[in-house]
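The values are calculated or read from the model by the stated rules, or taken from the named source; none is laboratory data. Please read these numbers as outputs of a predicted model, since none were measured by experiment. Don't worry about glycine lacking a Cβ; one is built from the backbone with ideal geometry, like all the others, and counts go over all protein chains shown. These accessible areas exclude ligands, DNA and RNA; they are computed on the full protein's heavy atoms, side chains included. Shrake-Rupley method; radii C 1.70, N 1.55, O 1.52, S 1.80 Å.
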Amino acid sequence: MSTGVLTKPGPVEVVATDRGWRRLGRTRTQVLLWIATHAVAVGLAVLFLAPIAFLLLTSVMSDRQALSGSLWPDTWQWSNYRRVWDTPNFLLWWRNSLVYAGVGTLLAITSSVFPAYALAKFRFRGSNALMVVVVAAMMLPPQVVVVPMYVVWSQYFGLTGSLWPLIIPLAFGDAFSIFLLRQFMLTLPDEVVDAAKVDGCGELRTLWHVVLPMCKPAVVATSLFQFFALWNDYFGPQIYASDDPRAWTLSYGLQTFKGAHSTDWNVTMAATALVVLPVVLVFFLAQRAFVEGVTLTGVKG
Amino acid sequence: MSSALAAGRRRGVSRSRWVVLAFVSPFVLGVVLFFGYPLVSTIVYSFEKYDQINPPTWVGTQNWHYVFDEYPRFWTALRNTAWLVVVMVSLRLVFGLAVGMLIVRVRAGVGIFRTVFYLPYLAPPVASTLVFVFLLNPGSGPVNGLLEAVGIPAPAWFTDPNWSKPALVLLSLWGIGDLMVIFTASLLDVPRELYEAAELDGAGAFGRFRFITLPTIRPILLFTTVTGVIATMQYYTQALVAGQAASGQLSSAGSRVEPGYPNGSTLTLPQLVYNLGFQNFDTGSASVIAVVMFVLAMACTVLLLKAGGGFLKTGRIG
């Protein structure tokens, strides 16, 4: 970004433009910089939105037009969405995605709060070692442990062809959620915990009535990240659910959908829109929590 | 909180051993069951011949010899991963920082811009990859239509081995939303007085960036670099879906698609684990690659912990 113009203070002129610049005494170079910055931002925003616009526009084109590379639909063929909806098992995939992401998030957050609290606020032997384990578990690629885990789930429990091998481990705490919650709990003063104890609160009451209410933004943000990680997961369902199409999730089903409709880009784009839709909806409902969540990850210097 | 005071004394409160045990033992049990046990098993499997039907037999280093000496796809995948780590991670960092700096300067509608730049990061990888395969389709995609309309020779993107990885990089640049938010937060933390002082000393824009912005956000740059490298080493869904969708081959469950289309150019290590372990039922060779991935990931984690300084104790980088 060329911000070099700022260094030479130009002649002071009185400029009265819109809101941000109503204060007097802005130099012309500053106004030009303002315009340049916003022009670049608008240009970039258009580029970022373009793929989504093309996705939506193609999803209502006719089969032939979708293959023509045109940008605007001749006819608005809403029946593409009907075709997606009528695909065998599509509704089941929705349900499975909701169960996997919903139940999985609930289990993961509930079971992660306790170790996160202990790691943030308790002093005990081995807490540093445990923290190293949390970070290592967070960084470990799922492919490293998947082969033996698959053998166990299929041969000892017979649970392949379902999402249970993915959901059950979440009841034992999720390393990334523990990490995020702990990062936030570290910022709570120890005095609050001590005061609750002096007032006669047991550990559970302190956690439930004092610590958790203060952690609400972190719990919301962590839940959202967990939910999206599971909603977007492809590898897990591919390994464990692929045997039975009725157990697939939307993320996994979408790719096989593309395989079955290899030339029907319009229907594929309609299906893609239906998979992205919940993500967009939840994001707009919980925008603040997301931004807080990213900055909460403890990387603020 | 007065951080000077907090830093001066030891953090945390002593608690009875039973409370600690109750709070952390489910997680510790989970780590042993879903992390410790399979990790040891993977290492053992890498020395065994096992097709998941007949009982495993010990074969010593045979799988290791096979993967390293007779299995060129391993080196292809390793080279691709190295390429992605260097190019994708560095471009994402530069672009993410640039967008972060832009957002810090934007006054009007900053919320809207932040939303627009963040949202693609959340899109399900399968969905965003399919959209990019469609957009960059050499024959029928709108992007090449536009490029040809303005007279730029359009590459074949996901169907050309030389352009498939750059196409994946484009896709990854669309998803810099998390980096944008992290960098914006850290840029807003740089003390304004420093900039003013530097300006008085006659520093230009580049000087201010070089001597004030960069040193201040250095810990965050290190952190995002290491986490970016780790994430890219696990790069799976986008590479797999791009290859399968662009190849036009039917990819329903059970069908065999050679991974890495075109010509192995999008093959990554996790795809090999899946292909060998779950399609070829060569558990031993899949485990060798899994162990290689483990060693690489742990090396990066050690780097992260070093780069993060005392962040395990303080929860803060730098």
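Return the residues of segment B:147-158 that are surrounded by fewer than 21 Cβ atoms within 10 Å (Cβ to Cβ) and outside any loop (DSSP other than H, G, I, E, B); say none if nothing qualifies. Of everything in segment B:147-158, those that are surrounded by fewer than 21 Cβ atoms within 10 Å (Cβ to Cβ) and outside any loop (DSSP other than H, G, I, E, B) turn out to be B:LEU147, B:GLU148, B:ALA149.
Mind checking which residues of segment A:114-131 are assigned to a helix (DSSP H, G or I), at pLDDT below 95 and facing another protein chain (nearest Cβ under 7 Å)? Passing the criteria: A:TYR117, A:ALA118, A:LYS121, A:ASN128, A:LEU130, A:MET131.
Out of segment B:203-226, which residues are open to solvent by 60 Å² or more (accessible area, probe 1.4 Å) and free of Cβ contacts under 8 Å to residues at least 24 places away in the same chain?
Once the filter is applied, which keeps residues that are open to solvent by 60 Å² or more (accessible area, probe 1.4 Å) and free of Cβ contacts under 8 Å to residues at least 24 places away in the same chain, segment B:203-226 yields B:PHE206, B:ARG210, B:PHE211, B:PRO215.
Considering only segment B:61-73, I want to know if a residue exists there that is closer than 19 Å to A:VAL146 by Cβ, buried (at least 17 other Cβ atoms within 10 Å of the Cβ) and without any contact (Cβ under 8 Å) to a residue 40 or more places away in the chain. No, the conditions are met nowhere in segment B:61-73.
Just one of B:ALA77, B:ALA22 is at negative phi and free of Cβ contacts under 8 Å to residues at least 24 places away in the same chain; which is it?
B:ALA22
Taken as a whole, the structure places A:LEU281 among residues that are within 23 Å of B:ALA127 (Cα to Cα), surrounded by fewer than 18 Cβ atoms within 10 Å (Cβ to Cβ) and more than 10 Å from chain B (Cβ to nearest Cβ). Of the helices (runs of 4 or more DSSP H) lying entirely inside segment A:152-243, those containing at least 2 residues that are open to solvent by 50 Å² or more (accessible area, probe 1.4 Å) and free of Cβ contacts under 8 Å to residues at least 60 places away in the same chain are A:190-198, A:216-232. B:ALA297 falls short on exactly one of the conditions (1) closer than 30 Å to B:PHE132 by Cβ; (2) of a type in the set (Gly, Ala, Ser); (3) at pLDDT below 85; (4) surrounded by fewer than 21 Cβ atoms within 10 Å (Cβ to Cβ), and that condition is (3). Restricting segment A:68-77 to residues that are away from every other protein chain (no Cβ under 13 Å), touching a helix residue (DSSP H, G or I) at 6+ places or on another chain (Cβ under 9 Å) and of a type outside the set (D, E, K, R) leaves a set whose member that is nearest to A:VAL135 (Cα to Cα) is A:GLN77.
Among the residues of segment B:100-141, those identified as over 19 Å from A:ASN232 (Cβ atoms), facing chain A (nearest Cβ under 7 Å) and among the aliphatic types (A, V, I, L, M) are B:MET101, B:LEU102, B:VAL106, B:ALA108, B:VAL116, B:LEU135.
For segment B:74-89, the condition holds for no residue, the condition being that it is within 19 Å of B:GLN238 (Cα to Cα), within 10 Å of chain A (Cβ to nearest Cβ) and buried (at least 19 other Cβ atoms within 10 Å of the Cβ). Conditions: (1) open to solvent by less than 10 Å² (accessible area, probe 1.4 Å); (2) among the polar types (S, T, N, Q); (3) facing chain B (nearest Cβ under 7 Å). A:ASN266 meets all but one. Number of the miss? So the condition that A:ASN266 fails would be (3).
Checked against (1) surrounded by 19 or more Cβ atoms within 10 Å (Cβ to Cβ); (2) more than 11 Å from every other protein chain (Cβ to nearest Cβ); (3) among the polar types (S, T, N, Q); (4) part of a loop (DSSP other than H, G, I, E, B), B:ASN162 passes all but a single condition, namely (1).
Return yes or no: is A:THR87 within 11 Å of chain B (Cβ to nearest Cβ) and either polar (S, T, N, Q) or open to solvent by 10 Å² or more (accessible area, probe 1.4 Å) (or both)? Judged against the criteria, A:THR87 is not a match. Among the numbered conditions (1) aromatic (Phe, Trp, Tyr); (2) under 19 Å from the mean Cα position of the chain (by Cα); (3) open to solvent by less than 10 Å² (accessible area, probe 1.4 Å), the only one that A:TRP94 does not meet is (3).
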